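Have a look at the structure below before the remarks.
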Amino acid sequence: MTYNPQFARIGEILVHNGVVNEEQVKEALVKQNNFGLKIGETLRKLGYLSEMDLLNALYLQLEYDIVDEDKLLDLDSNIVKLIPEPFAVQNRVIAIREDGDAIVVAMTDPENIVIHDSLKRILNKPVKPMLIGDSTLTDTLERYYKSIRTTSQVEDAVGSFEFVAIDEDEKEISIDTTDEADAPVVRLINLMITEAIKSNSTDIHIEPLTKETRVRFRVDGALREVMSPPIGLHTGIVSLVKVMSKLNIAERRLPQDGHISLRTPMKSVDVRVSIVPTVTGEKVVMRLLDKGEFGFSLTTLGFTKDDLGIYKKWIRRPYGINILSGPTGCGKSTTLHAALKSIRDIETNIVTVEDPVEYRLDGITQIETNAKIGLTFARALRSVLRQDPDIVLIGEIRDEETADIAVKFSLTGHLVFTTLHANDAAATITRMLDIGIPPYLVASSLNLVMAQRLVRLICSHCKADYKPTEGELFDAGISEEEAKEIKFKRGSGCVHCDNTGYSGRTGIFEILEVTPDIRKLIFEGANQDIIREAALKNGMRTLHASGLIKMKKGITSIKEIIKFTISEE
C-alpha cells in the first residue's frame, strides 16, 4: 500500500520521517493516558522529538502552513486583541493578521471544530488557521497580551492592588484607592510591580522625560522599556511610592532611600527604594528582592569543573577570608549564599551581616544592618563575636573598621566570607591594602580572592552562526587565525527571548588562590601587576579567558565578552 501522510497516523509519519522509532511510539502509546496528552505531545514530553519535528509531521498530515516565527515579532496588537486573552490562552490560539475578509489565526490544534466555531462567533469573520508550536505560542501570547494589558485602553480594566504593602510589624500600610483622581496612579503602580515580578526583573526604573515618564525593567542584567505613562502622572507615582516606603512626600530636593515589604499572590518581595532629584523631576529606582527560600546552588552558577573544585576546597577551610569582588549586580551575593548553602550543617553556626538580606537561608542566622538606628556593619559584627560563630558572612567591606574586624575574625579561628568592589582578583588585594589593612595581616588572613561577572546566555530557540567584525575580534583579543577555528554564535531574536537574542545569565570567574608565593608578594607590598603575573603562572584563569571558554562553546556571544571583560592582549 502506497504511503500517504494525509491518511496516516501521526506516529506513523514520525517513524516514516526517521524522527522516532516504533518502540518509542509504543512507549508513548502506553504512557499517553497518564500524561493526558496526544501522542505527538507525549513523544515530546518523553524527549524523543523536538517541537519542529512534530510541526513538520502535522503539516504533512493536515496540510496547514506552519507559522514563520520571524513574522511573530511584529504583530499588530489591534489584531491580536480581537481574541480575548482568556479564550486565547485556554484554547491555544492567537490572531496573526487580516487576509482579505478573513483573520489568520495560529493554533496548536487547527482541526478542533469547537474552537473553530467559537472563533467565527468572536471575530464575526471567516478564520484561516495555521500551525504553531505550543512553546512558541506561549511566549507569543505572553509578549503581546502583556503589552496590551499595559496600554491606556486597558488600564481602566486593572482592578485593585494585587499586592499588600506591610511595615516592619507586618501591619498593612493603608493606601486610599477610593479617590478617583488617584485611581489611575494606584492602578499603574499595581501594574508595574506585578509585571516586574512576573518577568523576574531585579529593578524597576521610573524616570521623568520631557513629555512622558519612562518605565524600564532590568531583566537578565539589561534594561528594557516596558511602558511610557503620561508625564502628568509622574508626581502622583513618586508620591505613592513615598507613601508606601514611608518617606517624606514634601521633600523633593534631596535624595531619599526607603523600602517596602510586599505580599503578592506569587511571592513575598522586599523592595529597596531610591529616589533622587533630577533636572526633569524625581527619578525612582526600586530593587526587588525575593523573600522566598534561596533556590541556587554552586553547580548552577556557571563554574567549570576545575573552578568548582577549587572553590569548594577553599570554602571548607576552617579559617581565613574568602573575598568575592566585582561591581554591583554581578552575582556576588548569589555565589556567597550558594556557598553557605552547600556547607551549612547542624554542627556549624553560620552568621551573616548584610545590607540588605537579599536571600533567606534556613538554618543560618541572618542580621540586617540599619544605619538609622546605629546598627552598622562594625557594631553588628562586634555582637556577632559573642554569638559563638564558626563561619561569618560580611555582606561588604566598606571601610577600615569593617575590614579590620574581618581580619581579626579570620585570625582567631573563624572562616569569613565577604565582598569588595574591585575590577579583578589582584586589584582586590591592593584594595584591601588601600583601605588601611597592613600587608602582613592581609597576607596572613587571605585564603582566596575571586572576581566574577554575569554574562547573558544566547537564546536556545534563535541561536545562529555569526561572523564577527574585525573591530569585535580586535576588542576581544582574538586574531583572525584564531577566529577561523571558532564557531561564533549569537541570538537573532525571537518571541521566546522578547527579541533580545538572550535568555538567562551565567557566571564567569577569576579565581586567585593565595598560595605561599602569593602570600610572600603581598607581605612584601608587591603591586597588583606583579601579583597577577604570579597568579597566572600558578594557573589562574582571567575573567576574559573564562568568558572566551563560554563563547567558544556557544553559550554566550562575543559582544557579551567585550562588554564585561578586558583582553590581556
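The values are calculated or read from the model by the stated rules, or taken from the named source; none is laboratory data. Everything quoted here is computed from the prediction, not taken from an experiment. Using ideal geometry, Cβ is built from the backbone for each residue, glycine included, and neighbour counts are taken over all protein chains shown. These accessible areas exclude ligands, DNA and RNA; they are computed on the full protein's heavy atoms, side chains included. Shrake-Rupley method; radii C 1.70, N 1.55, O 1.52, S 1.80 Å.
Within a Cβ distance under 10 Å of L548, other residues only, what is the Lys/Arg minus Asp/Glu net charge?
Here the count lands on +3.
In the range 27-87, what percent of the accessible surface is made up of carbon and sulfur (1.4 Å probe, ligands and nucleic acids excluded)?
49
Can you tell me what the convex hull of the Cα atoms of the range 33-106 projects to on average, as an area in nm²?
Dividing the Cα hull surface by four gives the mean projection, 6.4 nm².
Measure nothing fancy, just the Cα-based angle from helix 134-149's long axis to the longest principal axis of the chain, in degrees from 0 to 90, nearest 10.
80
Relative to the Cα centre, what is the charge dipole magnitude of the range 413-569, using +1 at the beta carbon of each Lys and Arg, -1 at the beta carbon of each Asp and Glu, and rounding to the nearest 20 debye?
Its charge dipole is roughly 680 debye.
Show me, bin by bin at 10 Å from 0, the whole-percent P(r) of the range 439-564 based on Cα pairs.
P(r) over the range 439-564, rounded to whole percents: 13, 34, 26, 17, 9, 1.
What's the magnitude of the charge dipole for the range 419-467 around its Cα centre, counting Lys and Arg as +1 and Asp and Glu as -1 at the beta-carbon? Answer in Debye, nearest 20.
Values: 5 positive and 3 negative charges, 56 e Å.
Dipole about the Cα centre, nearest 20: 280 debye.
Given the rule -39500 (n - 2.57) for each run of at least 4 DSSP H residues, summed and divided by the residues of the chain, what is its mean residue ellipticity at 222 nm, to the nearest 500 deg cm²/dmol?
Computed mean residue ellipticity for the chain: -11000 deg cm²/dmol.
Above 11 Å lies some portion of the pair distances; for the range 489-531, what is it as a whole percent of all C-alpha pairs?
For the range 489-531, the fraction of Cα-Cα distances above 11 Å is 75 percent.
Have a look at T278, A95, Q24 and report the one farthest towards the positive end of the charge dipole of the chain, computed about the Cα centre with Cβ charges (Lys/Arg +1, Asp/Glu -1).
My answer, from the dipole projection, is Q24.
Rg(Cα) of the chain divided by 2.2 N^0.38 Å?
Taking N as the residue count of the chain, the ratio is 1.14.
Given 10 °C and 1.306 mPa s, compute D for the range 1-126 with the Stokes-Einstein relation, Rh being the Kirkwood radius over Cα pairs; round to the nearest whole µm²/s.
The estimated diffusion coefficient comes to 98 µm²/s.
State the cysteines of the chain left without a partner when partners are defined as other cysteines whose beta carbon lies under 4.7 Å away.
So, C330.
Placing unit charges on C-beta atoms (Lys and Arg positive, Asp and Glu negative, everything else neutral), compute the dipole magnitude of the chain about its Cα centre in debye, rounded to 20.
Using only the charged Cβ atoms, the result is roughly 680 debye.
Two decimals, Cα atoms only, Kirkwood Rh: what is Rg/Rh over the range 235-394? Present the calculation step by step, with values, prior to reporting the outcome.
Working: Rg = 18.6 Å, Rh = 18.1 Å.
When Rh is taken as the Kirkwood radius, the ratio is 1.03.
I'd like to know which of T500, I530, V514 lies farthest towards the positive end of the charge dipole of the range 464-530, counting +1 on Cβ of Lys and Arg and -1 on Cβ of Asp and Glu.
T500
Taking Cα pairs under 8 Å and at least six residues apart, what relative contact order does the chain come out at, in percent?
9
Of H421, L393, N124, which is farthest along the charge dipole of the chain in the positive direction, counting Lys and Arg as +1 and Asp and Glu as -1 at C-beta?
Of the candidates, L393 comes out farthest on the positive side.
Stokes-Einstein at 37 °C, 0.692 mPa s, Kirkwood radius from Cα pairs: D for the range 195-286 in µm² s⁻¹?
D = 241 µm²/s.
Keeping all protein chains in place, calculate the accessible area per residue for the chain (probe 1.4 angstrom), answer in Å².
Per-residue accessible area for the chain comes out at 50 Å².
At 1.4 Å probe size, with the rest of the protein present, what percent of the exposed accessible area of the range 201-280 is carbon and sulfur atoms?
Result for the range 201-280: 54 percent of the exposed heavy-atom area is carbon or sulfur.
Where the accessible area of the range 334-377 is counted over protein heavy atoms with a 1.4 Å probe, how much of it, in %, is carbon and sulfur?
48
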